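Enquirer: A single structure is presented below for examination.
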Amino acid sequence: MAEVRFSHVIKKYGKNEVVKDFSLTIFNEEFVTLVGPSGCGKSTILRMLAGLEEITEGDIYIDGIKTNDIPPQKRDVAMVFQSYALFPHMTVAENIAFGLKLRRKPQREIVSRIEESLALFSLRGLGERRPRDLSGGQRQRVALARALVLSPKVLLLDEPLSNLDAKLRLRMRSELKRIHRELRSTIFYVTHDQVEAMSLSDRVAVMNEGRLEQLGAPLEIYNSPKNTFVASFLGSPPINLLQARIQKEGETLYVNIGPCKLALSRQFRESYLHCAGRDIIFGIRPEHISIGESGKGKPILATVDVVEPLGDRSIITVALHKIELALITDAQTISPLRTIPIIFDMEKAQFFDRESGENIICKNR
Amino acid sequence: MPFLPFIRTVRKNIYGIIILLPAFLYLAGFSLIILFTVTQMAFTYAGTEKIFFPALQNFVKLAQSPEFRSALLRTILFTVAGTPLELLIGMAAAFLVVKKFKGRGVIRSIFILPLAIPAIVTAIILYILFDFPGGHINEIIMGRHAFFPCQFVEYPVDWRGSAFSALAVSLAGKLWRDMPISMLIILAGLQSIEKDQTEAAATLGASSFHIFFKITIPLLSPAIATVLVLRSIELWKEFIFPYILAGSYPLLSTLIERAYHEWRSPNEASAIAVVLLVLIITCTMCIYYMLAYLKKRLVRI
Amino acid sequence: MIFIVMAPIFIMFKYSLSDRASVVTGGAVIPLWPYEPTLEQYRGLLSADRFIGAAITSLKTALLAVIISLILGVPAAYALVRYRFPGILVLTTFLISIRFFPDIVSVVPVVEVFTPAGLVGNVAGVAAAHCLLSVPYVIFIAMGVFESIPGDLEEQAQVLGAGKITAFFTVTLPVALPGLAAAAIYVFLLSWDEFIFAYFLMAFSDLSTLPVLLRKILSWTPQHNLLAAISVLLSIPVVLFTFIVQKYMRAGATAGAVK
Ligand SMILES: Nc1ncnc2c1ncn2[C@@H]1O[C@H](COP(=O)(O)OP(=O)(O)OP(=O)(O)O)[C@@H](O)[C@H]1O
Ligand SMILES: [Mg+2]
């Protein structure tokens, strides 16, 4: 297995810069996920690593060796396409054997490796079928088996679960995690589904418009997003972003949201002191707003607008002086148009610069 | 270095260019040679002693020859009469098979059959049918068939003996054989018109007459344009039917053959070919602009 | 309409099966179906050297045309679909629309150019001329075939360790084969019933393709049933194949409908 390093990679189609100065290192045996909205350049990065797309500027290293000009078949990288790209004229076994045959492995080894991987991916008995006679989940597993049977240095997965229905996607997600644990391969995974990214990976890289916005462990990114884009991309329902202003009155810092005034606890005073008197964006995740009188901080009254029960929890949209807020609660008895007290967990709140959208704390660090 | 991007493009697509090249050279080279040769020959006058180039003598000679002039006239009439007929027949067939009914598949296959009969065979069948004195049609109208015992004429008709009937029979053959092509183009157009559109019009209270002229025909206009353009080209250059069936009344295309084989004058043959080519190009452009103009008018209404 | 479509075909069969008495009736009533259907004409034809020779010439020409057009057209179609360089659209349009060039205009220069090259009166010349007509069709049909095969398949093969060429031969070509077979049949038929080039290139030689043979026989004012029998034999492969590749023929016939 191997380490992959992107160093200042740029990709242009004509004048259109699709990937902008992308640098990232994936360590040996690591599972790194690249997330971002559609069209932000994720597939392009993956395809450059696989050698299917030329690199306009910058370098890509696999195990410290510069691979810019190595053709795809010599890179020892395996890739599973979003469409699976199973060869329709070959059986499942032939599909899996394709790479092995090209590597001129002895027949006996090929047969045993096919058996092994059919077993590993619970495909036993399907070896003689054609791809068109398989279900979506089975096809997906064949594609994985075909890639992994070569024990590649790096496994690239481009939205491998996006063609599956919701239930199957959940099952394949845990399957993938198991496979990663068993085979200890270096995996570079692309998705636009933030839940997949959070649940699968060791580290997550968030991209937007060709730029790497933030890289870090899932929880780290979730809890201290670098800017408003990252903050709102992760989490469902998304983080509440409100126009606000920081004001200093005496020794205490206040956050003014519309007519509401929320005091900041002392421990954050230092961090935000320099923002006093500035317009900011105040970010708070739905689960960090609680309903009730008791808790840290002063309750504010809000009117319930919409209630969306999810079973164990409900998503509630409330109006706070014409500002809409989403919050998550496990209370079951809330009905629309009621007025309820809510409390913001100010310790979990994020503050972003109004102009640049950057997180004020992260920037200071 | 203005060449640099060019060289880079070439380098990047080198395999593509290599495998594209043979076909490109074959087709482009062949076409260039043909165009070059035909123009050169048309403008070369082979006098008894000297060869002149460039010279307009061939064209002058042709313009003076009554044979060429009547061939030109016949060709124009042949095309002008044939093109709308091709369209009408194609549309009739397409409207017949577009509706769903039992046995539609069979009928559609039958309608495609003429395309599967080689043109020369169709011409030969018509030759047999309209032969003189013993052709099938003659025998029928003379009442010599058991199943059709009425006698229309006393003496057999020499179908190939008059310009009108000979060319009419040729045109019939051409129309018969080309019907499937026009039909398929119109059919493709009809099938791309969504049912929603006509149904929406119907719910708005349009009569089926209205629907046909205000919705179906305008939406069908790209297909109609294709039929008109392609079929008129085909009719200008039609050779086999008039060659077999109207040998004494040449069109421009058959006159080319005659000039080449009988008059032994490749230069005059080429000159006729050039005239024909110019006619085809002019006519195609005319149709094209006319349709574009019509379309604009239709949209404005 | 069905009657008009079917009648000539019926007549062709009828004459080809007619015995002498049903064709040349001295004033007697002519039957709808021959008095005594006979395969005499066919038997005669199949033992006539002239006919067999023409059939073989037709076959050879068509096969040669198929081979040349596929070798030229398939790689070109592949390049036009898979590579993107400036001007490729114009190039595609140009290559495909060469088929609209009137054959009767090109036939005289073709003969004039082919004569010094020794391509007149032999199979190679006719096949070469037919390729001028068929290569654009092959490019057109094969482009459709390659467009329907996702590029993912080839890229996947490359990632799994195949070079560009291996990927093409192990993955793309086998998947494309049925569509390319249709293109081959199309070319075969085009060459099989092509008349103008074959006639001009073989008019003064002993060699004839079947359509040319028909024309040559016509000038001896032959019997109707002989003509009809040759016609039937000439049509049979065309009819059979047409219905096999009907889907693709339709695509070819309606080509240009989308501009
Ligand atoms: N061959 C190409 N030529 C020009 N532009 C391209 C080409 N391929 C991709 N692009 C552009 O590059 C951008 C990034 O594409 P890419 O496929 O990497 O997006 P993505 O992040 O994978 O999106 P998705 O989640 O929808 O798969 C897009 O804006 C796309 O339009
Ligand atoms: Mg993508």
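Enquirer: Within the stretch A:7-14, does at least one residue satisfy the condition of being touching a helix residue (DSSP H, G or I) at 6+ places or on another chain (Cβ under 6 Å) and basic (Lys, Arg)?
Expert: Yes - at least one qualifying residue is present in the stretch A:7-14.
Enquirer: Quick check on this structure: which one of B:Phe6, B:Phe24, B:Phe36, B:Phe30 is at pLDDT 90 or above, open to solvent by 90 Å² or more (accessible area, probe 1.4 Å) and assigned to a helix (DSSP H, G or I)?
Expert: The match here is B:Phe36.
Enquirer: So C:Val111 ticks every box in (1) more than 9 Å from chain B (Cβ to nearest Cβ); (2) in a helix (DSSP H, G or I) but one. Which box is left unticked?
Expert: If we test C:Val111 against (1) more than 9 Å from chain B (Cβ to nearest Cβ); (2) in a helix (DSSP H, G or I), just (1) comes out false.
Enquirer: Let me confirm something: among A:Leu157, A:Leu126, A:Leu120, which residue is more than 10 Å from chain C (Cβ to nearest Cβ) and surrounded by 21 or more Cβ atoms within 10 Å (Cβ to Cβ)?
Expert: A:Leu157 is the lone residue from the list that is more than 10 Å from chain C (Cβ to nearest Cβ) and surrounded by 21 or more Cβ atoms within 10 Å (Cβ to Cβ).
Enquirer: Could you please find all residues in the stretch B:93-117 being open to solvent by less than 50 Å² (accessible area, probe 1.4 Å), more than 7 Å from every other protein chain (Cβ to nearest Cβ) and closer than 26 Å to B:Ala225 by Cβ?
Expert: Answer for the stretch B:93-117, where residues must be open to solvent by less than 50 Å² (accessible area, probe 1.4 Å), more than 7 Å from every other protein chain (Cβ to nearest Cβ) and closer than 26 Å to B:Ala225 by Cβ: B:Ala94, B:Val97, B:Val98, B:Arg108.
Enquirer: Also, quick follow-up: Could you pull out the residue among C:Thr166, C:Thr172 that is surrounded by fewer than 18 Cβ atoms within 10 Å (Cβ to Cβ), at pLDDT 90 or above and in a helix (DSSP H, G or I)?
Expert: Going through C:Thr166, C:Thr172 in turn, just one is surrounded by fewer than 18 Cβ atoms within 10 Å (Cβ to Cβ), at pLDDT 90 or above and in a helix (DSSP H, G or I): C:Thr166.
Enquirer: If you don't mind, there's one more thing I want to ask. Limited to the stretch B:137-178, what total is found for residues that are open to solvent by 10 Å² or more (accessible area, probe 1.4 Å), at pLDDT 70 or above and facing chain C (nearest Cβ under 9 Å)?
Expert: Looking only at that region, the number is 3.
Enquirer: For B:Glu86, which of the numbered conditions (1) within 21 Å of the chain's Cα centre (by Cα); (2) buried (at least 18 other Cβ atoms within 10 Å of the Cβ); (3) within 11 Å of chain C (Cβ to nearest Cβ) fails to hold?
Expert: Exception for B:Glu86: condition (3).
Enquirer: I'd like the residue in the stretch C:175-204 that is assigned to a helix (DSSP H, G or I) and small (Gly, Ala, Ser) and, out of all such residues, is most open to solvent (accessible area, probe 1.4 Å).
Expert: Checked the stretch C:175-204; the qualifying residue most open to solvent (accessible area, probe 1.4 Å) is C:Ala181.
Enquirer: Something else about it: Could you tell me whether the stretch A:72-79 includes any residue that is within 16 Å of ligand 1 (Cβ to nearest atom) and of a type in the set (Val, Ile, Thr)?
Expert: No, the stretch A:72-79 contains no residue that is within 16 Å of ligand 1 (Cβ to nearest atom) and of a type in the set (Val, Ile, Thr).
Enquirer: Out of the stretch C:68-93, which residues are surrounded by fewer than 17 Cβ atoms within 10 Å (Cβ to Cβ) and either more than 9 Å from every other protein chain (Cβ to nearest Cβ) or under 19 Å from C:Phe146 (Cα atoms) (or both)?
Expert: C:Ile71, C:Tyr83, C:Arg84, C:Phe85, C:Gly87, C:Ile88, C:Leu89, C:Val90, C:Thr93
Enquirer: Please find, among C:Ala54, C:Ala7, the residue that is open to solvent by less than 60 Å² (accessible area, probe 1.4 Å), of a type in the set (Gly, Ala, Ser) and modelled with pLDDT of 80 or more.
Expert: C:Ala54
Enquirer: Does at least one position in the stretch B:210-224 carry a residue that is touching a Phe, Trp or Tyr at 6+ places or on another chain (Cβ under 6 Å) and not polar (S, T, N, Q)?
Expert: Taking every residue of the stretch B:210-224 in turn, none turns out to be touching a Phe, Trp or Tyr at 6+ places or on another chain (Cβ under 6 Å) and not polar (S, T, N, Q).
Enquirer: If you go through the stretch A:345-365 one residue at a time, do you hit one that is assigned to a strand (DSSP E or B), touching a Ser or Thr at 6+ places or on another chain (Cβ under 8 Å) and either open to solvent by 30 Å² or more (accessible area, probe 1.4 Å) or among the aliphatic types (A, V, I, L, M) (or both)?
Expert: no
Enquirer: Within 11 Å of ligand 1 (Cβ to nearest atom) and either assigned by TED's automatic domain parsing to the domain that holds A:Ile179 or farther than 24 Å from C:Gly151 by Cα (or both) - does that describe any residue in the stretch A:60-67?
Expert: no
Enquirer: Follow-up. Considering only the stretch A:85-101, I want to know if a residue exists there that is within 26 Å of the chain's Cα centre (by Cα) and open to solvent by less than 10 Å² (accessible area, probe 1.4 Å).
Expert: yes
Enquirer: Here is a follow-up. If a residue must be within 15 Å of ligand 1 (Cβ to nearest atom), under 18 Å from the mean Cα position of the chain (by Cα) and not in a helix (DSSP H, G or I), how many such residues does the stretch A:25-59 contain?
Expert: The qualifying residues number 9.
Enquirer: While we're on this one: Among the candidates C:Leu95, C:Leu91, C:Leu132, which residue alone is closer than 30 Å to A:Phe81 by Cβ and either at pLDDT below 90 or of a type outside the set (Val, Ile, Thr) (or both)?
Expert: Within the list C:Leu95, C:Leu91, C:Leu132, the selection yields C:Leu91.
Enquirer: Looking at the structure I just gave you, is A:Arg146 open to solvent by 20 Å² or more (accessible area, probe 1.4 Å), away from ligand 2 (no atom under 16 Å from the Cβ) and not polar (S, T, N, Q)?
Expert: no
Enquirer: May I pose another question? Of everything in the stretch A:36-56, what is away from ligand 2 (no atom under 12 Å from the Cβ), under 27 Å from A:Phe229 (Cα atoms) and in contact with a helix residue (DSSP H, G or I) (Cβ under 7 Å, 6 or more places away or on another chain)? Give them in sequence order.
Expert: Once the filter is applied, which keeps residues that are away from ligand 2 (no atom under 12 Å from the Cβ), under 27 Å from A:Phe229 (Cα atoms) and in contact with a helix residue (DSSP H, G or I) (Cβ under 7 Å, 6 or more places away or on another chain), the stretch A:36-56 yields only A:Ile55.
Enquirer: Out of all the residues in the stretch A:32-60, which are closer than 21 Å to C:Gly163 by Cα, more than 9 Å from every other protein chain (Cβ to nearest Cβ) and not hydrophobic (A, V, I, L, M, F, W, C)?
Expert: The answer is A:Thr44, A:Glu53.
Enquirer: Moving to a separate point now. Considering the stretch C:150-162 alone, what residues qualify as being open to solvent by 10 Å² or more (accessible area, probe 1.4 Å) and either within 11 Å of chain B (Cβ to nearest Cβ) or in contact with a Pro (Cβ under 6 Å, 6 or more places away or on another chain) (or both)?
Expert: Scanning the stretch C:150-162 gives a single hit, C:Gln158.
Enquirer: Those residues that are outside any helix (DSSP H, G or I) and exposed (fewer than 15 other Cβ atoms within 10 Å of the Cβ), I need them from the stretch B:196-243; list them, please.
Expert: B:Leu204, B:Gly205, B:Ser207
Enquirer: Let me ask something additional. Tell me which of these A:Tyr13 doesn't satisfy, since it passes every other one: (1) within 13 Å of ligand 1 (Cβ to nearest atom); (2) of a type in the set (Phe, Trp, Tyr); (3) away from every other protein chain (no Cβ under 14 Å).
Expert: Condition not satisfied by A:Tyr13: (3).
Enquirer: Turning to a different aspect of this structure: More than 28 Å from A:Gly216 (Cβ to Cβ) and surrounded by fewer than 22 Cβ atoms within 10 Å (Cβ to Cβ), is that true of A:Asp63?
Expert: The answer is no for A:Asp63.
Enquirer: Then there is this: List pairs: first residue in the stretch B:164-189 and under 20 Å from B:Val98 (Cα atoms), second residue outside any helix (DSSP H, G or I) anywhere in the structure, Cβ distance under 6 angstrom, at least six positions apart or on different chains.
Expert: Close Cβ pairs (under 6 Å, with a partner that is outside any helix (DSSP H, G or I)) amount to B:Leu184/C:Thr254; B:Ile185/C:Thr254; B:Ile185/C:Ala257; B:Ala188/C:Thr254; B:Ala188/C:Ala257.
The values are calculated or read from the model by the stated rules, or taken from the named source; none is laboratory data. As the structure is a prediction and not an experimental result, all values here were calculated from the model. Counting neighbours? That spans all protein chains shown, and the Cβs are built from the backbone with ideal geometry, glycine included. The area values use the complete protein model at the heavy-atom level, side chains included, leaving out ligands, DNA and RNA. Shrake-Rupley method; radii C 1.70, N 1.55, O 1.52, S 1.80 Å.
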